[in-house]
């Protein structure tokens, strides 16, 4: 398979690349690195990335930015002024737009795999925007699965905090059992190389 | 209790008003009716509604607009151009902003109750934006519950399609067992008059 991997240089993305490159051609994409440059928050750059990538059997997002901030910092505000703006523009609409572009570009029977995270289910302090965005992406995946044409499939992978990221994140995730990027990468393999659609693969330990 | 009810004139809202007005003072609010006018898509009108309402023990949203459209109509596009814009601005950020304003205005121990819907869990054709928005609001509710100050609580009610709405919606919800607005209203009572927080009360039949 030819697989476009957005966020290929990240902690999660590099593990996904290592897992899938054993059997497939993985085309690395990212905001600042990779053979294709793509900014999830820019719909035009997503369209352009698919044009550059050529024929594809799968697209994976292992990317997505959100704002972490205490609830007290969030004020009632319109999109653009809200602290939810980054998460909505990037990890939410960015992954939605990647999926919509993939719908138009993937070969018949291709697959789309997005990334959410444990905060959709299990909140932490300062994580409300991440929770909101992850919950949106998971419900979107379940919904879109029933409408995708040409045998296309879509799933999400929801990992818990990664052991590789605990140096930075441990204070926010006390008591959470971390997983490894390599273990989370298996869920991406399951989505791409399996046959299910509309699933959220949770990797919670 | 003094309860601000947004969407009080709707099918669901009027049943919620009937249930709660038996025991509480319900202040009706809405875009085009009610003693207080509020547009969920306008953060300033939400702030203004709380100022007009005075002291409150609870706020309920039985409102929220989203776009229903076949997946084929959705194109990769930024916020503002995307068919997801209405749902994000209104049912998602509108309810988020209502909750954030309520955090600052409710009396200690007050409650916030938002509305989602069965599409968060069980998709229908043309419902992907509703699913996305409902999933976002439910995850937001779970997350915000762990950070709300002053004993404030927050829950969501997720009803299936209402019997009263089947004249319009039946073709989209074939095989779904409708509930009644009166039965769904009980879940709002449970949220407001109960003691739980971070819950999604599903009323699926």
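The values are calculated or read from the model by the stated rules, or taken from the named source; none is laboratory data. These numbers come from a predicted model, not from an experiment. Note that we place each Cβ from the backbone using ideal geometry, even for glycine, and neighbour counts take in every protein chain shown.
For the reader, a short list of remarks on this structure follows.
- Residue within the range B:53-73 that is without any contact (Cβ under 8 Å) to a residue 24 or more places away in the chain, more than 20 Å from residue B:172 (Cβ to Cβ) and over 13 Å from the mean Cα position of the chain (by Cα) present: no
- Residue A:200 vs. criteria in contact with a helix residue (DSSP H, G or I) (Cβ under 7 Å, 6 or more places away or on another chain), within 11 Å of chain B (Cβ to nearest Cβ) and crowded, with 23+ Cβ neighbours inside 10 Å: no
- Scanning the range B:49-80 for residues that are part of a helix (DSSP H, G or I), in contact with a strand residue (DSSP E or B) (Cβ under 9 Å, 6 or more places away or on another chain) and surrounded by fewer than 18 Cβ atoms within 10 Å (Cβ to Cβ) returns a single hit, B:52.
- Applying the set (1) part of a loop (DSSP other than H, G, I, E, B); (2) at pLDDT below 95 to residue A:175 leaves exactly one unmet item: (2).
- Residue within the range A:129-147 that is surrounded by fewer than 24 Cβ atoms within 10 Å (Cβ to Cβ) and touching a helix residue (DSSP H, G or I) at 6+ places or on another chain (Cβ under 6 Å) present: yes
Residues are listed down the side, and each one gets a yes or a no for (1) within 14 Å of chain B (Cβ to nearest Cβ); (2) surrounded by 20 or more Cβ atoms within 10 Å (Cβ to Cβ); (3) in a helix (DSSP H, G or I):
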site: A:154; (1), (2), (3): yes, yes, no
site: A:157; (1), (2), (3): no, yes, no
site: A:164; (1), (2), (3): no, no, yes
site: A:167; (1), (2), (3): no, no, yes
site: A:185; (1), (2), (3): no, yes, yes
site: A:188; (1), (2), (3): no, yes, yes
site: A:195; (1), (2), (3): no, no, no
site: A:205; (1), (2), (3): no, no, no
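- Some residue of the range B:104-112 being within 14 Å of another protein chain (Cβ to nearest Cβ), at pLDDT 95 or above and buried (at least 24 other Cβ atoms within 10 Å of the Cβ): yes
- Number of residues in the range B:120-144 that are more than 7 Å from chain A (Cβ to nearest Cβ) and touching a strand residue (DSSP E or B) at 6+ places or on another chain (Cβ under 9 Å): the value is 3.
- Pair list, Cβ under 7 Å, 6 or more apart: the range A:31-47 residue at positive phi, other residue at pLDDT 95 or above and in a loop (DSSP other than H, G, I, E, B): A:34/A:8; A:34/A:9
- Selection status of residue A:107, at positive phi, out of contact with any helix residue (DSSP H, G or I) (no Cβ under 6 Å at 6 or more places or on another chain) and outside any helix (DSSP H, G or I): no
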